[in-house]
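Please read the structure below before turning to the comments.
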Amino acid sequence: MFQVLVFVYENYWRGDACPEPEQLGRKLSAVGFEQEEIREALIWLDDLRRATMPVNPAAAEGGTHYDTVIAASPESLRVYSVAEQDHLGAECLGFLSFLSSAGILSPQLLEIVIDRAMAARGGPVAADELKIIVLMVYWSSGLEPDSLVLDELCDDTHARVAH
């Protein structure tokens, strides 16, 4: 599924530029993705679109469903459930903590990232997969991450040399 998401991100630079699911599915099939992978990615993208959609476009300019549901105070602390801890793993939880404390992910976007990460099938989410999820949340929200953030999300950390 993540290869499909990367393809969508690279070919449609904004969520609103992405074609309707049927047309996108045909394009993904023509490119050579497996039908099961396409189906899973289309469901995941549709749920992402709904999560980042404004509640009332006239009243909530730029806001999402989460904006009206979650109003975190600056002193609040996000406690992860056992299921979230198991599915995300220590590395991803640490990365989410870093993104939140650096102000890169607002509490609303953090909840969407967690929701979409929990929707990913399989074992614990890998750090690279979580980075794709964060990029897709920004993409679907119509937000553009800062260039340093984008570099961090797209950088291959395995090629880095420790000093």
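With a simple spin-label model that places each label point 7 Å from the Cα along the Cα-to-Cβ direction, the separation between Asp146 and Arg49 comes to 3.2 nm.
Ranked by the mean number of other Cβ atoms within 10 Å of their residues, highest first, the peptides 77-83, 21-27 fall in the order 21-27, 77-83.
Go ahead and run the numbers for FRET between Phe98 and Gln35, Cβ-Cβ distance against an R0 of 35 Å, rounding to 0.05.
For Phe98 and Gln35, the calculated efficiency is 0.45.
Here the calculated FRET efficiency for Ala126 and Glu10, from their Cβ-Cβ distance with R0 = 25 Å, stands at 0.85, rounded to the nearest 0.05.
Each reported figure results from applying straightforward, stated rules to the coordinates on display, with no laboratory input. Not measured: the values here are computed from a predicted model. Methodologically, a virtual Cβ is constructed for each residue, glycine included, from the backbone with ideal geometry; neighbour enumeration extends over all protein chains shown.
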